[in-house]
Structure formats: structure tokens, C-alpha cells
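One structure is given below, represented as C-alpha cells, and several questions about it will come after.
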Amino acid sequence: HLRDLRFSCASVRPLCLCVFVFAMWESGRLCVSASLRLCVVFLCFSSSSWFFSPGAGWLMTEKANIADFLPEMAARQPDAAAIICPWGRRGGRLTYHQLDERSSAIAHGLEEIGITRGVRVVLMVPPGLDLFALVFALFKTGAVPVLVDPGIGLKHLKACLGNAEPEAFIGVPKAHAARVILGWGRATVRTTVTAGPRLFWGGHTLAQVERQGASLPSSGFPPASADDTAALVFTSGSTGPPKGVIYKHGNFIAQVNAIRDAYGIEPGEVNLPTFPLFALFDPALGMTTVVPDMDPTRPAKVDPRKIIGPIEEYGVTTMFGSPALLDTVGRWGEEHGVKLPSLRRVISAGAPVSPKVIERFQAMLTGDAAIHTPYGATESLPVATISSHEILSETRHATDRGAGTCVGRPVDSIEAAVIRIDDESISSWREDLKVEDGEVGEIVVKGPQVSRAYYNAPAHDRLAKIKEGEAIRHRMGDLGYLDDRGRLWFCGRKTHRVLSSDGTLYTVPCESVFNTHPDVYRTALVGVGAVGAQCPVLCVELEPGVGASEKVRIRRELLALGGGFEHTKTIRTVLFHPGFPVDIRHNAKIGRTALASWAAPRITK
């Protein structure tokens with residue numbers, strides 16, 4: 001009967017255990033040793049078959065399918081708003097009950113047209129009511145949504161869809177037009193659904209699918225396993241070719257648990273996610289999602305009023321934003337004296353967030369509210385996290401001196417290690433791969449949210465995955481180290497290190513020194529020339545409004561700054577760039593390969 005109970009007290013599990021064992025012991029049915037064995041069995045059962053939510057203060061039975069969260073939340077808070085889209089022709093809101101009912105109707109309709117368990121489905125629908133209903137409908141059927149960032153470029157997009165071999169395509173009219181004209185998935189796509197008016201390409205419309213599903217007798221969906229494939233999520237391609245990460249339902253569930261526990265998120269909170277994929281966790285967490293009016297592929301160009309306005313109107317408690325978005329909104333907020341008292345937490349990821357950006361945005365928050373900068377990747381998220389309070393009071397000072405960026409302590413479900421730098425594959429795990437604390441190496445992680453493989457990419461699997469019995473350790477491709485307090489420090493991408501004749505230079509520790517200059521917006525260290533004899537070049541993007549006449553002075557001051565540290569004194573070439581190339585997803589990861597090509601002909605011989 002315990003599985004059918006819902007408790008509101010966070011301490012009920014140990015209390016229930018004690019009462020149960022004591023009662024059995026007193027009744028004479030158990031001896032002392034049997035009681036102790038029962039304790040062990042009960043605790044093992046509770047840790048493997050239940051999950052405990054300190055933030056929410058309640059117990060839920062374990063989920064095998066990420067979609068299982070939705071009907072449970074719909075039963076618990078049926079009239080609470082799940083999605084609010086306050087703009088656009090297709091704007092509106094859905095309660096949890098409506099989202100559950102609508103996603104079920106769509107799911108039954110999809111099954112009728114052949115989109116069932118295991119079918120790979122490209123999903124190209126912008127953030128809004130339709131996207132959330134479709135994602136949970138696909139999860140309910142057991143189909144596998146293929147999620148590709150449309151901003152990665154037409155060439156990469158076509159390659160990703162070719163690699164995924166999708167059997168169905170669900171998209172808005174613009175996406176279908178591009179599919180037909182550019183031949184996306186031509187060899188494999190057999191079923192199409194249009195979210196909106198259907199034109200010359202045929203297939204089904206979402207409205208038809210939903211009506212058909214709603215007319216069918218209500219029935220359940222096939223049970224899923226935590227080891228079933230839930231989605232293919234492609235990496236951004238900012239540091240290499242985009243790769244399809246295989247997400248199991250267990251990976252998603254572990255992510256939900258880790259995010260909830262790391263940040264104390266509770267049902268009933270309101271989230272403003274400026275990155276669409278992050279929003280998909282909200283219904284599982286019992287949060288209300290307010291969809292912002294912005295182009296998610298250009299967060300740096302956001303209108304700050306369209307972020308601050310909804311925060312104030314809907315009492316937003318949580319916001320996710322890239323470092324570029326935080327910088328844009330923070331500058332506007334500083335100029336206009338904005339305060340955001342409803343915000344309890346701001347979560348920023350995608351690239352390191354500079355202390356200057358954190359400090360500026362933090363000034364808009366009140367009380368104990370903080371900015372959190374989780375570290376991770378598409379293949380594993382979250383890995384570690386740290387708050388603005390710890391950054392601004394302590395770690396920023398070490399960062400400014402070239403220690404790298406502290407990304408915090410690993411979350412409870414992650415085991416992190418740092419191994420010797422090696423560009424070759426590592427077939428099996430050995431403890432002697434690890435380096436000592438404080439020594440820079442490659443970050444490697446293991447845990448339930450860590451993906452096990454890429455789709456149709458065995459060569460990438462060999463380079464990124466290390467087998468440890470039945471488990472997998474993922475090589476992050478990032479360099480860093482562990483300090484004596486168990487915190488991870490990020491020192492840049494492995495492929496971005498500069499191998500000069502004077503030794504190895506790591507990008508983030510070097511750039512952090514130069515980024516302290518008040519006229520510098522950001523810097524990027526690149527290597528030009530043959531590996532092993534590369535010339536280290538510091539590319540500099542100046543703060544807005546700094547004139548070209550100041551460049552001679554700034555270059556002199558930057559060289560003086562670098563000369564004061566052992567690890568930056570060999571950097572003697574400084575080039576000013578009008579605006580760094582950045583990734584389309586977060587507008588924060590710098591395109592260093594393009595910068596190196598730009599810098600090569602400009603170096604003074």
C-alpha cells in the first residue's frame with residue numbers, strides 16, 4: 001500500500017521505517033537480526049524503486065518514461081497553468097490537465113498514422129503550446145523525437161537529419177517547405193504532420209491528428225523501460241561536427257531529479273526559459289512555463305523589455321539564459337535601475353559566464369536570490385554547479401589571476417575525475433589514468449544522466465566513451481582540475497589548447513587575466529602555425545563605445561597585464577576583432593577555428 005500513498009512531510013520515510021520495524025519486532029514476528037536485515041532491504045528498496053524529492057517535500061514512485069511525470073502532476077495540480085504563451089497568433093495557455101489531455105489525444109492520433117514506439121521523428125516546431133503537447137505526446141507513444149537546432153546551418157542540418165534516418169517529420173509549414181526543397185530525410189521519411197496549414201507536400205495536419213486521437217476510446221500507452229531510447233538530441237556543432245546524443249528515458253529522469261535537487265525547485269514555481277530544450281523539463285518539475293517573445297537562436301539580440309516584462313507580470317521565480325542574454329539584459333537593467341524581486345534563481349549555461357556579467361545581473365536580484373552556472377554538455381547535464389555568491393565572494397579573484405573558471409562541486413549523482421590529456425581513444429577505465437588534484441587534465445564523468453553513445457557514430461564513441469564494466473565514463477573534451485575542496489575548475493576545450501615551443505597554454509586561464517581590463521569585453525586565445533610551434537595570438541573584442549584611437553594604449557596595457565603572470569608572459573601578439581564569431585545556440589561559445597584563420601594573415605612577421 002505504500003506505493004499508493006503521497007506524503008507531504010519530508011521526514012516521513014525514516015519515520016515510517018522505524019514504526020514499521022518496531023511494530024513487527026514488538027509483535028514477536030522478528031528477531032533483532034531479522035529486523036536489521038529488514039532495515040537494509042527497506043532502504044535498498046526505497047533508494048532503487050522510489051525517488052525522494054527534498055525540494056518538493058513529497059515522494060513519488062519511480063518513473064520509467066519521462067512522460068509519466070505529466071499525468072501525476074495533472075492529478076496533483078490540474079488547474080495550475082503548465083504553459084503560458086502570451087504572444088503570437090497561436091498564443092494562449094494550457095493547464096496541467098489540458099496539457100495532459102491534449103498530449104494524450106495527439107499521442108493516440110499519432111499511433112493511428114503509424115508513429116509508434118521506436119519511430120524516429122524530426123520535430124521542428126517553435127516554442128509554444130504545440131511544441132510542449134507534441135513532445136509529451138511523442139514520449140507517451142514511445143516514439144523518438146529527433147531534436148536539431150535549426151540555427152546550426154543548412155549544411156549541418158541536412159547532415160544531422162541524414163545521420164538520424166528519421167521515419168517521420170513533424171514541423172511548421174516553413175520547416176516542411178525546406179524539407180521538400182532541400183531534400184531533408186528524403187530517403188527515409190514516410191509520414192509527415194504539419195503544425196499549421198498544410199500546402200503542397202501532403203500528409204496530415206496536427207489538427208486532424210488531434211481530432212482523430214480525441215475521438216478514440218480512452219486507453220493507456222505501452223509501458224516503457226528506463227533503458228528505452230527517449231530522444232536523439234544533436235550537439236550544437238560549435239566545437240566539432242554535430243553529433244546525435246542518444247537519450248534514454250532514464251537519462252531524462254536523472255536530469256529532472258538532479259536539476260530539482262540541485263536548485264530546490266518546487267511544483268508551483270514559474271519559469272522563463274530562453275532556451276527551448278531547457279523548458280521541456282518544466283512539466284516534469286511541476287513548474288509553469290512562460291514562453292518568452294524572442295528568437296531563441298539569437299539570445300544576444302533579445303529585447304530586454306521582453307524578458308523583464310514577463311518576469312514582473314507573471315512573478316517568474318526561475319529564469320534560464322545564456323551568458324550572452326544575461327549580458328544584454330543585465331546592461332539594460334543596470335542602466336534603468338531594474339529590480340526583480342520575484343526571481344529566486346537564474347540559471348546560465350552554454351559557456352563560462354564572466355564575473356563582470358554575473359555581478360551586473362546579480363545587482364537586479366534581491367534577498368538570497370542567486371545566479372547558478374551549471375557545468376555540463378549535451379552528453380551529460382548537469383555535471384557540477386556553483387552560485388554567484390561563491391563566485392563573487394571567492395573564486396572570481398582566483399579566476400582573475402589565471403586559475404581558470406570554477407564550475408563548482410559535482411552534483412550528487414555524478415562521479416567526476418580528471419585524467420591525463422590524451423588525444424587518442426581510451427578503451428577501458430583504469431584508476432592510474434587520473435592525475436593529482438590541482439593538475440590540469442581532461443574531465444571525465446560517470447552517472448545516470450550521462451549518455452552512453454552517439455547515434456550512428458562509432459568513431460566518436462571510441463574517442464568520447466570509456467568502458468568501465470557495464471558502466472560508461474564520458475570524456476567531456478574539456479580541460480580542468482579538481483581543487484582540494486572537491487570543486488571542478490574549467491580551463492578550456494582540449495582541442496583549443498595552444499601548443500607552442502614554450503609549452504602548453506590553456507585558453508581560459510590565459511584569457512581571464514586579460515578580461516580584467518575595463519575596456520575589454522572578451523578575449524580569445526588562438527594558436528597560429530604548426531602544432532608544437534604555434535604562435536599564441538590574443539584576439540580582443542572591446543567594450544561597446546571604445547574608440548579605435550584607444551587600441552594602441554589598450555594593447556600596451558594588455559601586454560603589461562600578461563607580463564605579470566608566468567602563464568601569460570609569452571603572449572606577445574594582440575589583435576583587435578570587431579565581433580567574435582559565436583555559436584548560434586547560446587551566442588557565447590567562440591568560434592576559435594574561424595578566429596585562428598582570421599588571425600593568421602594579420603600576424604606581423
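Among the residues of the range 412-432, are any assigned to a loop (DSSP other than H, G, I, E, B), surrounded by 13 or more Cβ atoms within 10 Å (Cβ to Cβ) and within 24 Å of the chain's Cα centre (by Cα)?
Yes, that holds for at least one residue.
Also, quick follow-up: Kindly provide the set of residues from the range 101-115 that are out of contact with any Gly (no Cβ under 7 Å at 6 or more places or on another chain) and either more than 16 Å from Ser215 (Cα to Cα) or among the small types (Gly, Ala, Ser) (or both), ordered by number.
Ser103, Ser104, Gly114, Ile115
Being among the hydrophobic types (A, V, I, L, M, F, W, C), surrounded by fewer than 17 Cβ atoms within 10 Å (Cβ to Cβ) and closer than 21 Å to Ser236 by Cβ is the requirement here; does Ala300 meet it? Explain how you work it out, then say what you get.
Working: among the hydrophobic types (A, V, I, L, M, F, W, C): yes; surrounded by fewer than 17 Cβ atoms within 10 Å (Cβ to Cβ): yes; closer than 21 Å to Ser236 by Cβ: yes.
For Ala300, the condition - among the hydrophobic types (A, V, I, L, M, F, W, C), surrounded by fewer than 17 Cβ atoms within 10 Å (Cβ to Cβ) and closer than 21 Å to Ser236 by Cβ - is met.
Within the range 90-123, can you find the residues that are within 22 Å of Ser218 (Cβ to Cβ) and either among the basic types (Lys, Arg) or touching a strand residue (DSSP E or B) at 6+ places or on another chain (Cβ under 8 Å) (or both)? Spell out the reasoning first.
Within the range 90-123, the subset within 22 Å of Ser218 (Cβ to Cβ) is 94-117.
If the condition is that a residue be within 22 Å of Ser218 (Cβ to Cβ) and either among the basic types (Lys, Arg) or touching a strand residue (DSSP E or B) at 6+ places or on another chain (Cβ under 8 Å) (or both), then Leu94, Thr95, Tyr96, Gln98, Leu99, Arg102, Leu110, Ile113, Gly114, Ile115, Arg117 are the ones that fit.
Could you identify the single residue in Val338, Val329 that is crowded, with 23+ Cβ neighbours inside 10 Å and at pLDDT 95 or above?
From the options Val338, Val329, the qualifying one is Val329.
Since Phe565 meets every condition but one in (1) open to solvent by 20 Å² or more (accessible area, probe 1.4 Å); (2) touching a residue at least 40 places away in the same chain (Cβ under 8 Å); (3) part of a helix (DSSP H, G or I), which condition does it not meet?
The one condition Phe565 does not meet is (3).
Going residue by residue through the range 270-278, is there one that turns out to be within 21 Å of Leu147 (Cα to Cα), open to solvent by 30 Å² or more (accessible area, probe 1.4 Å) and among the aliphatic types (A, V, I, L, M)?
Yes, some residue in the range 270-278 is within 21 Å of Leu147 (Cα to Cα), open to solvent by 30 Å² or more (accessible area, probe 1.4 Å) and among the aliphatic types (A, V, I, L, M).
Provide a single number: the residues in the range 198-233 that are of a type in the set (Ser, Thr, Tyr) and either more than 19 Å from Asp100 (Cβ to Cβ) or open to solvent by less than 50 Å² (accessible area, probe 1.4 Å) (or both). Quick ask: steps written out before the conclusion?
Of all residues in the range 198-233, those of a type in the set (Ser, Thr, Tyr) come to 205, 215, 218-219, 225, 229.
Checking the rest, the ones that are also either more than 19 Å from Asp100 (Cβ to Cβ) or open to solvent by less than 50 Å² (accessible area, probe 1.4 Å) (or both) come to 205, 225, 229.
Final tally of qualifying residues: 3.
Moving to a separate point now. Asp502: of a type outside the set (Ser, Thr, Tyr), touching a residue at least 12 places away in the same chain (Cβ under 8 Å), touching a Ser or Thr at 6+ places or on another chain (Cβ under 6 Å) and farther than 30 Å from Ser413 by Cα, yes or no?
yes
If you don't mind, another one. Please state which one of Gly109, Gly28, Gly128, Gly92 is at pLDDT below 95, surrounded by 19 or more Cβ atoms within 10 Å (Cβ to Cβ) and among the small types (Gly, Ala, Ser). Walk me through it before giving the result.
Details: Gly109 fails: at pLDDT below 95; Gly28 fails: surrounded by 19 or more Cβ atoms within 10 Å (Cβ to Cβ); Gly92 fails: surrounded by 19 or more Cβ atoms within 10 Å (Cβ to Cβ).
That would be Gly128, the only listed residue that is at pLDDT below 95, surrounded by 19 or more Cβ atoms within 10 Å (Cβ to Cβ) and among the small types (Gly, Ala, Ser).
Oh, and also: Starting from the range 413-429, keep only residues that are over 11 Å from Ile466 (Cβ atoms) and charged (D, E, K, R), then list their pairs with residues that are in a strand (DSSP E or B) and open to solvent by 80 Å² or more (accessible area, probe 1.4 Å) whose Cβ atoms are within a distance under 9 Å, requiring at least 6 positions of separation or different chains.
Between residues of the range 413-429 that are over 11 Å from Ile466 (Cβ atoms) and charged (D, E, K, R) and residues that are in a strand (DSSP E or B) and open to solvent by 80 Å² or more (accessible area, probe 1.4 Å), the close pairs are Arg420/Lys434.
Right, here's the next one. Scan the helices (runs of 4 or more DSSP H) fully inside the range 125-231 and keep the ones with 1 or more residues being touching a residue at least 24 places away in the same chain (Cβ under 8 Å), farther than 21 Å from Thr378 by Cβ and touching a strand residue (DSSP E or B) at 6+ places or on another chain (Cβ under 7 Å).
Per the criteria, 129-141, 173-182, 206-215.
Further, regarding this structure: Regarding Asp100, is this residue under 24 Å from the mean Cα position of the chain (by Cα), in a helix (DSSP H, G or I) and not aliphatic (A, V, I, L, M)? Lay out the reasoning, then the answer.
Working: under 24 Å from the mean Cα position of the chain (by Cα): no; in a helix (DSSP H, G or I): yes; not aliphatic (A, V, I, L, M): yes.
When the stated conditions are applied, Asp100 does not pass them.
Would you call Ser387 open to solvent by 20 Å² or more (accessible area, probe 1.4 Å), free of Cβ contacts under 8 Å to residues at least 24 places away in the same chain, within 18 Å of Ile265 (Cα to Cα) and not acidic (Asp, Glu)?
Details: open to solvent by 20 Å² or more (accessible area, probe 1.4 Å): yes; free of Cβ contacts under 8 Å to residues at least 24 places away in the same chain: yes; within 18 Å of Ile265 (Cα to Cα): yes; not acidic (Asp, Glu): yes.
Criteria met by Ser387.
Taking the range 568-587 only, how many residues are open to solvent by 40 Å² or more (accessible area, probe 1.4 Å), in contact (Cβ under 8 Å) with a residue 60 or more places away in the chain, over 18 Å from Cys510 (Cβ atoms) and part of a loop (DSSP other than H, G, I, E, B)?
Let us first name the residues in the range 568-587 that are open to solvent by 40 Å² or more (accessible area, probe 1.4 Å), namely 569-570, 572, 578, 581-582, 584.
Cutting the leftovers down to in contact (Cβ under 8 Å) with a residue 60 or more places away in the chain gives us 570, 582, 584.
The next check asks that each one be over 18 Å from Cys510 (Cβ atoms); those that pass are 582, 584.
Of the ones still in play, those that are also part of a loop (DSSP other than H, G, I, E, B) are 584.
Adding up the residues that qualify gives 1.
Yes or no: Ala226 touching a helix residue (DSSP H, G or I) at 6+ places or on another chain (Cβ under 6 Å), within 30 Å of Leu154 (Cβ to Cβ) and of a type outside the set (Val, Ile, Thr)? Before the answer, list the steps.
Working: touching a helix residue (DSSP H, G or I) at 6+ places or on another chain (Cβ under 6 Å): yes; within 30 Å of Leu154 (Cβ to Cβ): no; of a type outside the set (Val, Ile, Thr): yes.
In short, no.
To continue, here is another question. Out of curiosity, is Gly402 within 29 Å of Gly563 (Cβ to Cβ), touching a Ser or Thr at 6+ places or on another chain (Cβ under 8 Å) and in a loop (DSSP other than H, G, I, E, B)?
On the way: within 29 Å of Gly563 (Cβ to Cβ): yes; touching a Ser or Thr at 6+ places or on another chain (Cβ under 8 Å): yes; in a loop (DSSP other than H, G, I, E, B): yes.
Taking the combined requirement at face value, the residue satisfies it.
Kindly provide the set of residues from the range 398-409 that are closer than 18 Å to Pro382 by Cβ and out of contact with any Phe, Trp or Tyr (no Cβ under 9 Å at 6 or more places or on another chain), ordered by number. Don't jump to the end; show me each part of the working.
The initial filter retains those residues of the range 398-409 that are closer than 18 Å to Pro382 by Cβ, namely 405-409.
If the condition is that a residue be closer than 18 Å to Pro382 by Cβ and out of contact with any Phe, Trp or Tyr (no Cβ under 9 Å at 6 or more places or on another chain), then Arg409 is the only one that fits.
So, one more: When you go through Phe169, Phe139 one by one, which is the residue that is touching a His at 6+ places or on another chain (Cβ under 9 Å), more than 23 Å from Gly202 (Cβ to Cβ) and not hydroxyl-bearing (Ser, Thr, Tyr)? Give the steps one after another, and end with the answer.
Details: Phe169 fails: more than 23 Å from Gly202 (Cβ to Cβ).
None of the others qualify; the one that does is Phe139.
Listed residues Phe234, Phe169; which is within 21 Å of His460 (Cβ to Cβ), among the aromatic types (Phe, Trp, Tyr) and modelled with pLDDT of 90 or more? Spell out how you get there, then give the answer.
Details: Phe169 fails: within 21 Å of His460 (Cβ to Cβ).
Only one candidate qualifies: Phe234.
Considering only residues that are in contact with a helix residue (DSSP H, G or I) (Cβ under 6 Å, 6 or more places away or on another chain) and farther than 20 Å from Arg360 by Cβ, look in the range 390-411 and name the one that is surrounded by the fewest Cβ atoms within 10 Å (Cβ to Cβ).
Here the residue is Gly402.
The values are calculated or read from the model by the stated rules, or taken from the named source; none is laboratory data. Worth saying up front: this structure is predicted, and the values here are computed from it rather than measured. Glycine gets a Cβ as well: all are built from the backbone with ideal geometry, and neighbour counts include every protein chain shown. Accessible surface areas use protein heavy atoms only, side chains included; no ligands, DNA or RNA. Shrake-Rupley method; radii C 1.70, N 1.55, O 1.52, S 1.80 Å.
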